[in-house]
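Engineer: Have a look at this one before I ask anything.
The values are calculated or read from the model by the stated rules, or taken from the named source; none is laboratory data. Note that the structure is predicted; figures quoted are calculated from it, not measured. Every residue, glycine as well, gets a Cβ built from its backbone with ideal geometry; the counts of neighbours run over all protein chains shown. Ligands, DNA and RNA are excluded from the accessible area calculation, which covers all protein heavy atoms including side chains. Shrake-Rupley method; radii C 1.70, N 1.55, O 1.52, S 1.80 Å.
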Amino acid sequence: MLPHVFTMPDQPQAARKTLEERNQMDDLQRLRHSCAHVMATAILRIWPDAQFAYGPPIDHEVYGFYYDLDMRHRITPDDFPAIEEEMRKVVKENQAFERMVVSRQEALEMARVGRLGALVPRPEPSRFKLDLLDAIPEGEEISIFKNGDFWDLCAGPHVARTGNCKAFKVMSVASAFYKGDANNPQLQRLYGTCFKNKAALDEHLERVEQAKQRDHRKLGKELELFKIDEQVGQGLVLWLPNGAIVRNELQKFISEQLEKQGYSQVYTPHIGKLDLYRTSGHFPYYEESQFPPIAEREVIERLSDGNCSCADLHNALRSGEESGFLLKPMNCPHHIRIFDSKPHSYRDLPVRLAEFGTVYRWEQSGELGGMTRVRCFTQDDAHLFVTPEQLDREIQGCLELVKIVLGTLRMDDYRVRVSLRDPASDKYVGDPANWERAENALRDAARSLGKPFTEEPGEAAFYGPKIDFVVKDVIGREWQLGTVQVDYNLPERFNLSYIGPDNEKHRPVMIHRAPFGSMERFVGVLIEHFAGHFPVWLAPEQVRILTISEKFDDYAESIFARLRERGVRVKMDLASDKVGAKIRLAQLAKVPYMLVLGAKEEEQQAVSVRHRHSGDLGMQPIDEFVLRITREIAERALDNAG
RNA sequence: GCCAACUUAGCUCAGUGGUAGAGCAGCCGAUUUGUAAUCGGCCGGUCGUCGGUUCAAAUCCGACAGUUGGCUCCA
């Protein structure tokens, strides 16, 4: 479950737009596309052997376009100034973008003599352009765009002159497989962006810089929320005390909601027998994304005595000849065995089994990062066993939960994706009528969220349709958080049943749902959502007491005790610093409330309250503050000041 | 997994072939302070690891590990 989603710029094939779509390309895209040509021109002047592939404008938070290329020189960020310098010259030359329609023959000839994506004919053919030409359907118009000496196979459209690309920046260099296929060679991908004017560019760069300040990896370190330790392992999150508080509060909150919705919470072990996952189909089908199986000591010893190799052991486990265990990649098999531990009447249904269940997946090393892509994570998982008639209502219930929790955190910047089956394919299990019903139920549920959603036929799993919640991180990457999936497959595989009113056995339908995905990813996204300024109920440190001088240590102790007794997470700063310094530290630690204590306060049994956003709130009786903060915590209120 | 860049004190970073530096944090002392940095001292690193080149390596080369940006993958 929990597919991680990564959406990047349109891949070439998908990018083949119709003429109409291209005409609708907005001004900014047109400008950026033109800037990509300016960049290519500049690169060729510096490195004449560059072979260009694709160079589209993209819809991305940070980047505005890229151009994929291949050449001997490896571009590094040190090269950016020189590239930009050369680009400025091209802009200054104010070359006209000229469109020229050619026949396929003519285009092929240009590519053969290396004239496309080039300043002059070259000994080497324009190999990517040749390939690109192949992809253009017969009968479609083929156009060449020229600016100065640079000729490129390009559908356009472009701005009038290179002089329009006034405000640009080369942003980043990375690599990309040609045509997005891992079997193809890797090209250098140079990202850049371009705006109408310098002010707009500067504003954009400033925004990108601001966004980086909220990166959960940076804040996670600064606020001591979590760490990933080299000695523990890649992709294995250590929740530090502060992060653990945030997670705990969230889990408490979610648990409360689960109770209200009639869920039963369960606990299950982190491993299970291989046979369990054979039944579920997870092993060895998804083998490459699981940690390798665990063999029993007795088996290892017996086989080693017979000179058995690692490969033999592996094969014996794989084939089932020997038994072993698997770190669980999903919680459903365990929950299914709980459901199946006794017979069920239709009157018992729905059975809703919930667990903050920890799962392990072998993600590729290059994909790991922060808390958003890890190898061990805890899902806010649950499995609902329902009759077909109950499906609609239960799906609705799942979305209710999402609405409540995301609403409380005011996280409304997500998109909803409904994944449906591909009508043309026959890979799907389960009765088509049931699918129809489930898809309608999911669609209705999505509609009830009151947010725009996309329907994506062909994206459903083979076992059932689903609805996903997708959010963006600070650098524009999309991550899937929650998911609600209907499953017709596992009840079959485990031969689940309930006794219906007709006294016959019936097959239940399962719903997998993890409304926030994993605690790791959710908290990672949450850190960025709040920029580390957690609302009081989530804040690891809710109040910090700052004394004016050591004379007030005793008074501080009494306030401290008072707050702690009421369950408030409070700390004291009794150092001999000035208040200004103490405030600075508390602000940097993003503590929501600071209580400044001096002579005035002690005299009147009061506290001077400072809020991290609103500043000095003045002096108030301690009782009043206790009331204020405990209410704020109980209500799970957000900072008014944001 | 692939391509590239990066890895120096707990943190942020300087140091490009000649015996390791700063600020912050920590500790000690002085100061007793009113809403975003009081002053001074001390402690702290076999420069990611291993190997190579060199009279000499944080610095050059290689392998490995980790991080970052992409690509690929993601039940």
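Engineer: Looking for whichever is modelled with pLDDT of 95 or more and more than 30 Å from A:Asp348 (Cα to Cα) here; the options are A:Val232, A:Val237, A:Val299. Which one fits? It would help to see each step written out before you state the result.
Structural biologist: Values: A:Val232 fails: modelled with pLDDT of 95 or more; A:Val299 fails: modelled with pLDDT of 95 or more.
It is A:Val237.
Engineer: Just to verify a result, which residue in the range A:263-275, among those that are open to solvent by 60 Å² or more (accessible area, probe 1.4 Å) and part of a loop (DSSP other than H, G, I, E, B), is nearest to RNA strand B (Cβ to nearest atom)?
Structural biologist: A:His270
Engineer: Given the structure, is A:Gln604 more than 9 Å from RNA strand B (Cβ to nearest atom) and out of contact with any helix residue (DSSP H, G or I) (no Cβ under 8 Å at 6 or more places or on another chain)?
Structural biologist: For A:Gln604, the condition - more than 9 Å from RNA strand B (Cβ to nearest atom) and out of contact with any helix residue (DSSP H, G or I) (no Cβ under 8 Å at 6 or more places or on another chain) - is met.
Engineer: Does A:Lys196 satisfy being open to solvent by 60 Å² or more (accessible area, probe 1.4 Å) and in contact with a Leu (Cβ under 8 Å, 6 or more places away or on another chain)?
Structural biologist: In short, yes.
Engineer: When residues of the range A:538-579 are filtered for being small (Gly, Ala, Ser), over 39 Å from the mean Cα position of the chain (by Cα) and buried (at least 19 other Cβ atoms within 10 Å of the Cβ), how many remain?
Structural biologist: Total satisfying the criteria: 1.
Engineer: Is there any pair with a first residue in the range A:228-241 that is on the phi > 0 side of the Ramachandran plot and a second that is assigned to a loop (DSSP other than H, G, I, E, B) whose Cβ atoms are under 8 Å apart and which are 6 or more apart or on different chains, and what are they?
Structural biologist: That search, which allows pairs on different chains as well, returns A:Gly233/A:Arg375; A:Gly235/A:Glu363; A:Gly235/A:Leu368; A:Gly235/A:Val374; A:Gly235/A:Arg375.
Engineer: Moving on to the next point. If I ask for residues that are touching a Leu at 6+ places or on another chain (Cβ under 8 Å) and within 12 Å of RNA strand B (Cβ to nearest atom), which ones from the range A:55-66 would you list?
Structural biologist: Selection gives A:Tyr66 alone.
Engineer: In addition: Would you call A:Gly366 free of Cβ contacts under 8 Å to residues at least 40 places away in the same chain, more than 16 Å from RNA strand B (Cβ to nearest atom) and either open to solvent by 20 Å² or more (accessible area, probe 1.4 Å) or more than 28 Å from A:Lys221 (Cα to Cα) (or both)?
Structural biologist: no
Engineer: Can you find a residue in the range A:553-574 that is free of Cβ contacts under 8 Å to residues at least 12 places away in the same chain, more than 9 Å from RNA strand B (Cβ to nearest atom), among the hydroxyl-bearing types (Ser, Thr, Tyr) and in the same structural domain as A:Pro621 (by TED's automatic domain parsing)?
Structural biologist: yes
Engineer: Please find, within the range A:199-220, the residue that is farthest from A:Leu526 (Cα to Cα) out of those that are in contact with a strand residue (DSSP E or B) (Cβ under 7 Å, 6 or more places away or on another chain) and either of a type outside the set (A, V, I, L, M, F, W, C) or buried (at least 17 other Cβ atoms within 10 Å of the Cβ) (or both).
Structural biologist: The selected residue is A:Leu201.
Engineer: Against the conditions (1) within 17 Å of A:Gly532 (Cα to Cα); (2) open to solvent by 40 Å² or more (accessible area, probe 1.4 Å); (3) more than 19 Å from the chain's Cα centre (by Cα), where does A:Val232 fall short? Just the number, please.
Structural biologist: Failed condition: (1).
Engineer: Does A:Val359 qualify as being touching a Cys at 6+ places or on another chain (Cβ under 8 Å) and open to solvent by less than 30 Å² (accessible area, probe 1.4 Å)? Talk me through it step by step, then tell me what you get.
Structural biologist: Values: touching a Cys at 6+ places or on another chain (Cβ under 8 Å): yes; open to solvent by less than 30 Å² (accessible area, probe 1.4 Å): yes.
For A:Val359, the condition - touching a Cys at 6+ places or on another chain (Cβ under 8 Å) and open to solvent by less than 30 Å² (accessible area, probe 1.4 Å) - is met.
Engineer: Next question. Of the conditions (1) outside any loop (DSSP other than H, G, I, E, B); (2) open to solvent by 60 Å² or more (accessible area, probe 1.4 Å), A:Asp412 fails just one. Which one is it?
Structural biologist: All conditions pass for A:Asp412, except number (1).
Engineer: Also, I was wondering about something else. Consider A:Asn307 against the criteria (1) assigned to a loop (DSSP other than H, G, I, E, B); (2) touching a residue at least 24 places away in the same chain (Cβ under 8 Å); (3) not small (Gly, Ala, Ser): it satisfies all of them except one. Which criterion is unmet?
Structural biologist: (2)
Engineer: Go through (1) in contact with a Phe, Trp or Tyr (Cβ under 6 Å, 6 or more places away or on another chain); (2) in a helix (DSSP H, G or I) for A:Lys252 and report which single condition fails.
Structural biologist: Tallying (1) in contact with a Phe, Trp or Tyr (Cβ under 6 Å, 6 or more places away or on another chain); (2) in a helix (DSSP H, G or I), A:Lys252 fails exactly one: (1).
Engineer: Output the number of the condition that A:Ile527 fails; it satisfies all remaining conditions of (1) at pLDDT 95 or above; (2) open to solvent by less than 10 Å² (accessible area, probe 1.4 Å); (3) out of contact with any Gly (no Cβ under 7 Å at 6 or more places or on another chain).
Structural biologist: (3)
Engineer: Keeping to the range A:596-621, report how many residues are among the aliphatic types (A, V, I, L, M) and crowded, with 19+ Cβ neighbours inside 10 Å.
Structural biologist: So the count comes out to 5.
Engineer: Tell me which residues, restricted to the range A:473-494, are over 14 Å from A:Asp215 (Cα atoms) and in a loop (DSSP other than H, G, I, E, B).
Structural biologist: A:Tyr488, A:Phe494
Engineer: May I pose another question? Please verify whether A:Pro501 is part of a loop (DSSP other than H, G, I, E, B), at negative phi and open to solvent by 50 Å² or more (accessible area, probe 1.4 Å), treating the condition exactly as stated.
Structural biologist: When the stated conditions are applied, A:Pro501 passes them.
Engineer: Please enumerate the residues belonging to the range A:276-293 that are under 25 Å from the mean Cα position of the chain (by Cα) and assigned to a helix (DSSP H, G or I).
Structural biologist: A:Glu287, A:Glu288, A:Ser289 - these are the residues of the range A:276-293 that are under 25 Å from the mean Cα position of the chain (by Cα) and assigned to a helix (DSSP H, G or I).
Engineer: Among the residues that make up the range A:105-112, is at least one of them under 38 Å from the mean Cα position of the chain (by Cα) and either assigned by TED's automatic domain parsing to the domain that holds A:Pro48 or within 16 Å of RNA strand B (Cβ to nearest atom) (or both)? Full working, then the answer.
Structural biologist: Step one: of the range A:105-112, the residues under 38 Å from the mean Cα position of the chain (by Cα) are none.
The answer is no; no qualifying residue exists.
Engineer: Also: So which strands (runs of 3 or more DSSP E) are wholly in the range A:75-192 and hold at least 2 residues that are open to solvent by less than 60 Å² (accessible area, probe 1.4 Å), on the phi < 0 side of the Ramachandran plot and touching a helix residue (DSSP H, G or I) at 6+ places or on another chain (Cβ under 6 Å)?
Structural biologist: Answer list for the range A:75-192: A:142-147, A:150-153, A:167-177.
Engineer: Of all residues in the range A:294-304, which are assigned to a helix (DSSP H, G or I) and surrounded by 14 or more Cβ atoms within 10 Å (Cβ to Cβ)?
Structural biologist: A:Val299, A:Ile300, A:Leu303
Engineer: Do we find a residue being within 13 Å of RNA strand B (Cβ to nearest atom) and of a type outside the set (D, E, K, R) anywhere in the range A:241-262? Step through it out loud before you land on a result.
Structural biologist: From the range A:241-262, those within 13 Å of RNA strand B (Cβ to nearest atom) are none; that's our starting set.
No, the range A:241-262 contains no residue that is within 13 Å of RNA strand B (Cβ to nearest atom) and of a type outside the set (D, E, K, R).
Engineer: Now for a separate question. Does A:Asp59 satisfy being assigned to a loop (DSSP other than H, G, I, E, B) and open to solvent by 20 Å² or more (accessible area, probe 1.4 Å)?
Structural biologist: Considered against the rule, which asks whether it is assigned to a loop (DSSP other than H, G, I, E, B) and open to solvent by 20 Å² or more (accessible area, probe 1.4 Å), A:Asp59 comes out as yes.
Engineer: Separate question: Based on this model, can you work out whether A:Leu201 counts as away from RNA strand B (no atom under 14 Å from the Cβ) and either more than 30 Å from A:Ala167 (Cα to Cα) or over 27 Å from the mean Cα position of the chain (by Cα) (or both)?
Structural biologist: no
Engineer: Hey, another quick one. Quick check: anything in the range A:507-530 without any contact (Cβ under 8 Å) to a residue 24 or more places away in the chain and charged (D, E, K, R)?
Structural biologist: So far as the range A:507-530 goes, yes, one or more of its residues are without any contact (Cβ under 8 Å) to a residue 24 or more places away in the chain and charged (D, E, K, R).
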